[in-house]
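Chemist: Below is a structure I'd like to ask you about.
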Amino acid sequence: MKIFSGNSNPKLARAICDSIGVELGRCTVSAFPDGETFVKIEENVRGEDVFVVQSTSPPTNHNLMEMFIMMDALRRASANRITAVLPFYGYARQDRKDQPRVPITAKLVANLLVASGANRILTMDLHAQQIQGFFDIPVDHLYAAPVMYNYLKQKGLPNLVVVSPDVGGIKMAYAYAQVLGAELAIVAKRRKSAHEVESMAVIGNVRNKNVLLVDDLTETAGTLTAAATLLRQRGARQILACVSHAILNKTGIERLKNSCIDELITTDSVCRPVIRGVNITTLSVAGLLGEAIKRIANNLSVNSLFEFRGGRTS
């Protein structure tokens, strides 16, 4: 078994290797003056079970291209099996035709991963679970919820309500509410544009309660901050947001700085610079991904990684 990393999140790749006691594979991933990506695998991989760790976070297209080229190099170097490890799967929001003459880019990326040499996919908290069906190769879909749950349990928040910031996240919110023994509420929203949302109503009681907003990803933080504002107006006390993938562009950072969210809990699935002025707690998923990699390499079941405190996360 060998693990290699692109340039999107080398810190996470090293942490994964440390968690299972293997060395990170040596490779050169650089660019020509015209921007073309160059990859050279610096060690023998013939007949090896190889894992390539690469989050498709911004710059998304560049990181995807790095991964395609790395897997092509590994395939041509006679690796036995190549597993694409995508802690964050980009383009997942483009998973259907909701307008005329638009692509289904999540399916296109799936095709490109397979064409580049991937024999298996390991990913975490897909935006839509049906994306697993876009692949004709095995997909292991992990959840960050066990890592989040351990942290939230230590905080011991009393009088807690788990809130889904939109109708599409009800299933995730329900799973959190079950394991935390909390109540459930929903914020109904209307999207004005790709960058702006308007929260409309709260279904459930949040007055004088501690609130946990849960979502799979945030970039502009429009959904989270609009929901938090409405919840505070409805009498919520402490407001926490739990998000698996916090990509956070400049707009998102400014919105969080000016929002009433007391703490943003997220993971290291994507690499972020230090953000000042926002209370962000970053939990590591290296142990979770490392355990999955070890089990895949040894042909063992990964089913137990989908469970925590005796109940499945979905």
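Chemist: Note down the relative contact order for region 235-292 as a percent, whole number, built from C-alpha pairs under 8 angstrom at least six residues apart. Could the numbers behind the result be given before it?
Modeler: Values: 67 pairs, mean separation 20.0, N = 58.
Computed value for region 235-292: 34 percent relative contact order.
Chemist: I would also like to ask the following. Please give the charge dipole size of the chain, origin at the Cα centre, charges +1 on K and R Cβ atoms and -1 on D and E Cβ atoms. Round to the nearest 20 debye.
Modeler: Values: 36 positive and 28 negative charges, 156 e Å.
Computed charge dipole of the chain: roughly 740 debye.
Chemist: 7 Å from Cα along Cα→Cβ at both R75 and N111: what's the point-to-point distance in nm?
Modeler: Going by the 7 Å Cα→Cβ label model, 1.5 nm.
Chemist: Relative contact order for the chain using alpha-carbon pairs under 8 Å, separation at least 6, rounded to a whole percent?
Modeler: Details: 652 pairs, mean separation 45.2, N = 314.
Computed value for the chain: 14 percent relative contact order.
Chemist: I've got another one for you. Sum -39500 (n - 2.57) across every DSSP H segment of at least 4 residues in the chain, then divide by the residue count to get the 222 nm mean residue ellipticity, nearest 500.
Modeler: -9000 deg cm²/dmol
Chemist: Let me ask another. Cα-Cα over 23 Å: which of K153/K257; K171/K209; K171/K250? Before the final figure, lay out the partial values.
Modeler: Details: K153/K257 26 Å; K171/K209 21 Å; K171/K250 29 Å.
Over 23 Å Cα-Cα: K153/K257; K171/K250.
Chemist: Here is a follow-up. Evaluate the chain: find the radius of gyration of its Cα atoms, find its Kirkwood radius, and give the ratio Rg to Rh.
Modeler: Values: Rg = 19.9 Å, Rh = 20.3 Å.
Result: Rg/Rh = 0.98.
Chemist: Continuing with the same structure: Need one number: nm distance between label points at N299 and Q130, each 7 Å from Cα along Cα→Cβ, rounded to one decimal.
Modeler: So the two model labels end up 3.5 nm from each other.
Chemist: Kindly state, to the nearest 0.05, the FRET efficiency for R272 paired with R96, given R0 = 41 Å and r defined as their beta-carbon distance. Present the calculation step by step, with values, prior to reporting the outcome.
Modeler: Working: r = 28 Å, r/R0 = 0.69.
Working from the Cβ atoms, E equals 0.90.
Chemist: Which FRET efficiency, nearest 0.05, do F38 and I104 yield, Cβ-Cβ r, R0 41 Å? Don't jump to the answer; show the numbers that get you there.
Modeler: Values: r = 31 Å, r/R0 = 0.75.
So, using R0 = 41 Å, E works out to roughly 0.85.
Chemist: Using every Cα-Cα pair within region 12-137, state what percent have a distance larger than 17 Å.
Modeler: Values: 4700 of 7875 pairs.
Roughly 60 percent, rounded to a whole number.
Chemist: Based on DSSP, what percent of beta bridges with both residues in the chain are antiparallel, to the nearest 5?
Modeler: Numbers: 13 of 53 bridges.
Restricted to the chain, the bridges split so that about 25 percent are antiparallel.
Chemist: Now, a different point. With unit charges on the beta carbon (Lys/Arg positive, Asp/Glu negative), name the residue among A128, N205, S304 whose Cα is farthest towards the positive pole of the charge dipole of the chain.
Modeler: Positive-end residue among those listed: N205.
Chemist: While we're on this one: Give the percent of DSSP beta bridges with both residues in region 145-283 that are antiparallel, rounded to the nearest 5. Don't skip to the answer; put the middle values down first.
Modeler: Numbers: 6 of 28 bridges.
If we restrict to bridges inside region 145-283, about 20 percent are antiparallel.
Chemist: Then there's this: Explain nothing, just compute: Karplus ³J(HN,Hα) = 6.51 cos²θ - 1.76 cosθ + 1.60, θ = phi - 60°, for every residue of region 180-186 in order, whole Hz, x for Gly and Pro.
Modeler: So the Karplus estimates, Gly and Pro as x, are 8, x, 10, 7, 10, 9, 9 Hz.
Chemist: Note the angle between two axes, namely the Cα long axis of helix 286-297 and the longest principal axis of the Cα atoms of the chain, as a number of degrees from 0 to 90, rounded to the nearest 10.
Modeler: Here the helix axis deviates by roughly 40 degrees.
Chemist: Can you list residues from other chains, or at least 5 along the same chain, whose modelled amide H is less than 5 Å from the amide H of L122?
Modeler: A84, V85, L86, D140
Chemist: Sticking with this structure for a sec: Enter the angle in degrees (range 0 to 90, nearest 10) between the Cα long axis of helix 222-233 and the first principal axis of the Cα atoms of the chain, meaning the one along which they spread out most.
Modeler: Between helix and principal axis, roughly 20 degrees.
Chemist: To the nearest 10 degrees, how steeply does helix 60-76 sit against the main Cα axis of the chain, on a 0 to 90 scale?
Modeler: 30 degrees
Chemist: Okay, next question. Rounded to whole Å and sorted largest first, list the principal axis extents of the Cα atoms in region 38-95.
Modeler: Cα extents, longest axis first: 36, 21, 14 Å.
Chemist: Which value, in debye to the nearest 20, describes the size of the charge dipole of region 5-101 about its Cα centre when Lys and Arg Cβ atoms bear +1, Asp and Glu Cβ atoms bear -1, and nothing else is charged?
Modeler: Working: 12 positive and 12 negative charges, 67 e Å.
My answer is approximately 320 debye.
None of the figures in this text is laboratory data; all of them are computed from the coordinates on show. Everything quoted here is computed from the prediction, not taken from an experiment. Cβ: placed from backbone, ideal geometry, glycine included. Neighbour counts: every protein chain shown.
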